[in-house]
Amino acid sequence: MDAGNWSRVTEFVLISFSSLPTEIQTLLFLAFLAIYLITLLGNSLIILVTLADPMLQSPMYFFLRNLSFIEIGFNLVIVPKMLGTLIAQDTSISFLGCAIQMYFFFFFGVAECFLLATMAYDRYVAICSPLHYPVIMNQGTRAKLAAASWFPGFPVATVQTTWLFSFPFCATNKVNHFFCDSPPVLRLVCADTARFEVYAIVGTILVVMIPCLLILCSYTRIAASILKIPSAKGKHKAFSTCSSHLLVVSLFYVSLSLTYFRPKSNNSPESKKLLSLSYTVVTPMLNPIIYTLRNNEVKNALSRTFHKALTLRNLIL
């Protein structure tokens, strides 16, 4: 396309779910609003209770607190704008707003991939080297591991977002998604994007596969250690300490893989929107529920926290 046919894009329009009837959009708004509030409340409770309760000061809960911060950030980046498109039909988003949304989507997504790998390593040390666990996973080590999990999000998000938004865009500015994800925005570019697409594919594979391989290695060693435990009760106890994390990892990676690694012929915009909902909206809500329902320590800590709050309220009144 000639440069004269390019037009400067100052804002984008998110197609979102505008093809659906108004009644369906209203129902979706109510459903997503409920999920959004549950996500914020559940993850906020995890953060507060792991900070306040002295029984939840182990490395596992330190990393769980980091995961809750990521899930809250993920939701704040995606869901408020999506709710606006559903109830107020506010589908426009500025050029800068779209770039910022994409940047933090990449940042929190990459951070979650590496944090899940760090949590798997923590479970490996706890089960395979229980006597050395407090020494290996000391306060300094856990802080470094957390920082190492958050850091990769910065260069990945910076390079991919800056590079993509440096391209010229065509006259159309309609993004066929409910947020500014890379593939639908890339379709609006009026330039040769071959090098960028190669970088994006390789980068996505590395960001997903490296943590995934670390998780597989950790759980292979964990499974081998559990099988060596003679009693069934001991095996159940060891498995229960990592079952919540394993379930969270499965939900996240299955939905992520189905979204970004399916053949393009099987990847219609509508199906991608549905799959994207699973890891951007649903999974962040399920994580605190999974860790609460499947972890007696968290349930007991929540009970103690509520009891203290009620006692304090009664004393004030």
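The values are calculated or read from the model by the stated rules, or taken from the named source; none is laboratory data. Everything quoted here is computed from the prediction, not taken from an experiment. With ideal geometry, Cβ positions are generated from the backbone for all residues, glycine too; neighbour counts draw on all protein chains shown. Heavy atoms of the whole protein, side chains included, go into the accessibility calculation; ligands, DNA and RNA do not. Shrake-Rupley method; radii C 1.70, N 1.55, O 1.52, S 1.80 Å.
Within the range 285-309, work out how many residues are closer than 13 Å to Ile38 by Cβ and at pLDDT below 80.
Selection size over the range 285-309: 1.
Any idea which of (1) under 30 Å from Leu145 (Cα atoms); (2) surrounded by fewer than 20 Cβ atoms within 10 Å (Cβ to Cβ) is the one Asn43 doesn't satisfy?
Tallying (1) under 30 Å from Leu145 (Cα atoms); (2) surrounded by fewer than 20 Cβ atoms within 10 Å (Cβ to Cβ), Asn43 fails exactly one: (2).
Could you say whether any residue in the range 130-138 is open to solvent by less than 40 Å² (accessible area, probe 1.4 Å) and aromatic (Phe, Trp, Tyr)?
yes
(1) in a helix (DSSP H, G or I); (2) under 30 Å from Phe239 (Cα atoms): which one isn't true of Leu131, the others all being true?
Only one criterion in (1) in a helix (DSSP H, G or I); (2) under 30 Å from Phe239 (Cα atoms) is unmet by Leu131, namely (1).
In the range 220-238, is there at least one residue being more than 26 Å from Leu145 (Cβ to Cβ) and either in contact with a strand residue (DSSP E or B) (Cβ under 6 Å, 6 or more places away or on another chain) or hydroxyl-bearing (Ser, Thr, Tyr) (or both)?
Yes.
Looking at Leu27, Leu48, can you tell me which residue is within 18 Å of Leu286 (Cα to Cα), open to solvent by 40 Å² or more (accessible area, probe 1.4 Å) and assigned to a helix (DSSP H, G or I)?
Leu48
What are the residue pairs meeting all of these: first residue in the range 104-128, first residue more than 14 Å from Gly73 (Cα to Cα), second residue open to solvent by 30 Å² or more (accessible area, probe 1.4 Å) and of a type in the set (Gly, Ala, Ser), Cβ atoms under 8 Å, and 6 or more apart or on different chains?
Qualifying pairs under 8 Å: Phe114/Ala148; Thr118/Ala148; Ile127/Ser225; Cys128/Ser225.
I'd like to know if the range 184-192 contains one or more residues that are of a type in the set (Gly, Ala, Ser), surrounded by fewer than 17 Cβ atoms within 10 Å (Cβ to Cβ) and in contact (Cβ under 8 Å) with a residue 12 or more places away in the chain.
yes
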